[in-house]
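Trainee: If you scroll down you'll find the structure; I have some questions about it.
The values are calculated or read from the model by the stated rules, or taken from the named source; none is laboratory data. From a predicted model like this one, the values you see are computed outputs, not experimental measurements. When we count neighbours, we look across all protein chains shown, and the Cβ atoms used for this are built from the backbone with ideal geometry, even at glycine.
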Amino acid sequence: MGRLNRLSLSLEERAELSSKVDAAASAAKLRSLLVVGSANIAYLTGGVVFPYLDQRMTHPVALHINFASGRRTILCTADLVDIPGDCGWDGEVLLYELVEPTPEQALAHAIQSVISRDGNSGASIGFDAIHMSGGLHRALTDCMPDRRFHAIDGFMRDLRITKTSAEIRMLEIAARIGDRGYISALNHAEGAALDRLSFPLWEYAERFRVHVGEFEGSGVGNLAVMQGQRAQDLQHRIGTREVFEDQSYLRLEYSMSNRGYWNAGSRTAYVGKPGANARQCYADNLTLRTSAVDALTAGARACDVFHAVKAASVRLSIPFWEEAELGHGVGTSEREAPYLAPHDMTILRADMVVTLGVYTFGENRELICNRDLYRVRDGRAELLSWYKDWNYLYPIHGTSARHG
């Protein structure tokens, strides 16, 4: 597993990804594109990640690629200029100044100068419409009335939906980091779960976040922990003084990133010593998850996985929570196509990577789920979150000084 020790894309792996992008652009007769979504920028640059882009908490950033000339340009403000180089970017970085009435107008004028300079971008420019604000789109069309902007969201979806070997490696590392962070949170909880004067439940989630960073994860997204009645749905509400409850399921939902590549997971443990009924509920969950994994194969439709679980649920009399999809793709965003849901007719292909888990019910209607990362193959899917075997109900009791 030495290949998993390198946490970012090598020059060769970036070149492999660039070749894939260039070939797809050539097939689509796409001469140039302009993207502003953080996941698209991370994908097309081979791992340049800007903080908080999609939350609009910083000045807008754009990436322009001219496929005719091969020129690739990141446009950003001075406060972000060090990030591309720190992330290994070898293309051009162009600063724009906030001298227009709005940041969007300032960025639009900088983009205009880049496109005019290149000269061979063509009259039609592809852009990621889903991620572009109305203000930036208006500013672009105002300052470049002779250009036509057309949406390439479908192009980007199809491009990102299957992964290169390097991307699969990055996602496998993210899965390992996630499990190590979770194991460390469990180890901290061992000495606290049955002591009501010890740390509150929210700190259990905080311990996960801290250890993900210690194991070289580069960011944590969604993070929530639920137990008892609060674990009966996906509404993430935790009281500030809530502590561990003996004889209860404890579920952690999380997403975390490895250099721009995301893992979205879920793990369920048990506070105290589980009885036979608690263990059976957990075993039932694994049974339905196995039916999902069996259906997760190249050539099947994404919706077939959901229908396979529903059929097994009826046949085995194991109910599951049908209000949530069973999983979805992961990559440079924590949730992307395909979606393992009744509505998604996408044909699964080899080298798609999905997070997969089934929500079933505990003794008191709590939701149980263990969500893992899988690589779709022609035969049985490959488990990427292999770091620890979770095929038994982990009891939290006693003390431990270990870290993941």
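Trainee: Condition test on Ala139, is it at pLDDT 95 or above, in a loop (DSSP other than H, G, I, E, B) and not charged (D, E, K, R)?
Mentor: No: the conditions fail for Ala139.
Trainee: Within the set of pairs 6 or more residues apart or between chains, which connect a residue that is free of Cβ contacts under 8 Å to residues at least 24 places away in the same chain inside the range 199-217 to a residue that is assigned to a helix (DSSP H, G or I) and not aliphatic (A, V, I, L, M) with Cβ atoms less than 7 Å apart?
Mentor: Arg207/Ser184; Arg207/His188
Trainee: Something else now. With respect to the numbered conditions (1) surrounded by fewer than 20 Cβ atoms within 10 Å (Cβ to Cβ); (2) in contact with a Ser or Thr (Cβ under 6 Å, 6 or more places away or on another chain); (3) under 30 Å from Ala337 (Cα atoms), which one is the sole condition not fulfilled by Arg138?
Mentor: Only one criterion is unmet by Arg138, namely (2).
Trainee: Let me ask something additional. Residues in the range 174-183: is at least one surrounded by fewer than 16 Cβ atoms within 10 Å (Cβ to Cβ) and in contact with a His (Cβ under 7 Å, 6 or more places away or on another chain)?
Mentor: Among the residues of the range 174-183, not one is surrounded by fewer than 16 Cβ atoms within 10 Å (Cβ to Cβ) and in contact with a His (Cβ under 7 Å, 6 or more places away or on another chain), which makes the answer no.
Trainee: Determine, yes or no, whether Arg176 is farther than 30 Å from Asp351 by Cα and assigned to a helix (DSSP H, G or I).
Mentor: No: the conditions fail for Arg176.
Trainee: From the list Ser124, Ser113, which one is surrounded by fewer than 18 Cβ atoms within 10 Å (Cβ to Cβ), in the same structural domain as Ser10 (by TED's automatic domain parsing) and under 18 Å from Ala25 (Cβ atoms)?
Mentor: Ser124
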